[in-house]
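Remarks on the structure that follows.
The values are calculated or read from the model by the stated rules, or taken from the named source; none is laboratory data. Not measured: the values here are computed from a predicted model. Cβ sites come from the backbone with ideal geometry, for glycine too, and all protein chains shown count toward neighbours. For the accessible areas, the whole protein counts, side chains as well, though only heavy atoms, and no ligand, DNA or RNA atoms are used. Shrake-Rupley method; radii C 1.70, N 1.55, O 1.52, S 1.80 Å.
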Amino acid sequence: LCAAVPLKDMKLLDVKLGQLPTWLAMRDFTPGGIVGAVRAGYDRYYNKYINVKKGGLAGISMMLAGYVVLSYIWSYSHLKHERHRKYH
C-alpha cells in the first residue's frame, strides 16, 4: 500500500484539478519561497539532465531553446514595432 502524500508536499503534476486552488493557497509566495522554488527546480533539472554519468545533448539543447524563446519574448515589442515600418 502507498502512503498518502499530503497535499502541501505534492508536485504540481500530481495535483488533481479540483485540488489546485487549495494547493496554490498552500504555496509560499514570499521572495524567499519563490527563490527556494526556483533553486529546487534548477537542482532537479541539473541532476536529471546535466549531472549524469552518460549525458547527451538533451539538457543543453533544452536550455538553449529556453534562452531563444526568452530572448524572443523580451524583444517582441521591438520586433512588433519594426514590423510596421516601411523600408523604402
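Descriptive notes on the structure:
- Listed by first and then second residue, the pairs with beta-carbon distance under 8 Å, at least 6 apart or on different chains, first residue in region 58-75 and within 22 Å of Lys48 (Cα to Cα), second charged (D, E, K, R) and in a helix (DSSP H, G or I), are Gly59/Lys48.
- Top-ranked residue in region 66-88 [being at pLDDT below 80 and assigned to a helix (DSSP H, G or I); ranked as least open to solvent (accessible area, probe 1.4 Å)]: Glu82
- For region 35-65, filtered to residues that are in a loop (DSSP other than H, G, I, E, B) and aliphatic (A, V, I, L, M), the residue that is surrounded by the most Cβ atoms within 10 Å (Cβ to Cβ) is Val52.
- If the condition is being more than 28 Å from Met63 (Cβ to Cβ) and open to solvent by 70 Å² or more (accessible area, probe 1.4 Å), then region 1-17 contributes Leu1, Cys2, Ala3, Ala4, Val5, Pro6, Lys8, Lys16, Leu17.
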